[in-house]
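Chemist: Dropping a structure here in structure tokens format, bear with me for questions.
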Amino acid sequence: MSRQLEQLAEERTAKRHKEIVRAVEFELVGALAAAGAEVQGFSVKMGDFECLMTVRATIGGVAMVAFIGAEDLGGAMIKLIRAARRDKLVWREDKYRANVG
């Protein structure tokens with residue numbers, strides 16, 4: 001039984017690693033573009049027990065930001081892609097960046 005649990009954990013870890021690579025290598029810009037956002041960049045703030053990702057994009061000529069929180073950077077990337085695909089990102093006007101005309 002113990003080996004079955006180990007194998008299940010190994011499979012979950014492998015699946016998570018594939019999702020992270022897919023998000024970083026292939027899906028980040030495309031998933032956000034499908035949600036109507038032109039990606040300008042993102043930043044990451046790492047804490048002891050959490051990761052906060054700030055995504056900057058332009059939507060309809062307006063500078064916007066969305067925030068994603070997760071336990072770690074990989075989790076934030078996965079969460080970002082899933083939220084973008086489902087059109088669940090909460091965008092706010094970026095007060096610190098001038099709007100694009």
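Chemist: Can you check what the net charge comes to around ALA9, using other residues whose Cβ is under 12 Å from the Cβ of ALA9 (Lys, Arg +1; Asp, Glu -1)?
Modeler: +1
Chemist: Report the number of Lys pairs in the chain whose alpha-carbons are under 19 Å apart, with separation of 8 or more residues or on distinct chains.
Modeler: 5
Chemist: Next up: In deg cm²/dmol, rounded to 500, what helix-only [θ] at 222 nm does the chain give when every DSSP H run of at least 4 residues adds -39500 (n - 2.57) and the total is split over its residues?
Modeler: -13000 deg cm²/dmol
Chemist: Tally Lys/Arg at +1 and Asp/Glu at -1 over every other residue whose Cβ is under 14 Å from the Cβ of ASP72; what's the total?
Modeler: -1
Chemist: Tell me the volume per residue, in Å³, of the convex hull enclosing the alpha carbons of the chain. Let's see the in-between values first.
Modeler: Values: hull volume 10.4 nm³, N = 101.
Hull volume over Cα atoms, normalised by residue count, gives 103 Å³.
Chemist: Something else now. How high is the FRET efficiency from VAL39 to ALA14, r the C-beta distance, R0 35 Å, rounded to 0.05?
Modeler: Working: r = 28 Å, r/R0 = 0.80.
Rounded to the nearest 0.05, the efficiency is 0.80.
Chemist: Under 8 Å for C-alpha pairs, at least 6 residues apart: give me the relative contact order for the chain, rounded to a whole percent.
Modeler: Value for the chain: 24 percent.
None of the figures in this text is laboratory data; all of them are computed from the coordinates on show. For clarity, every value in this text was computed on a predicted model and none was experimentally measured. Positions of Cβ are generated from backbone atoms using ideal geometry, with glycine treated the same way; all protein chains shown enter the neighbour counts.
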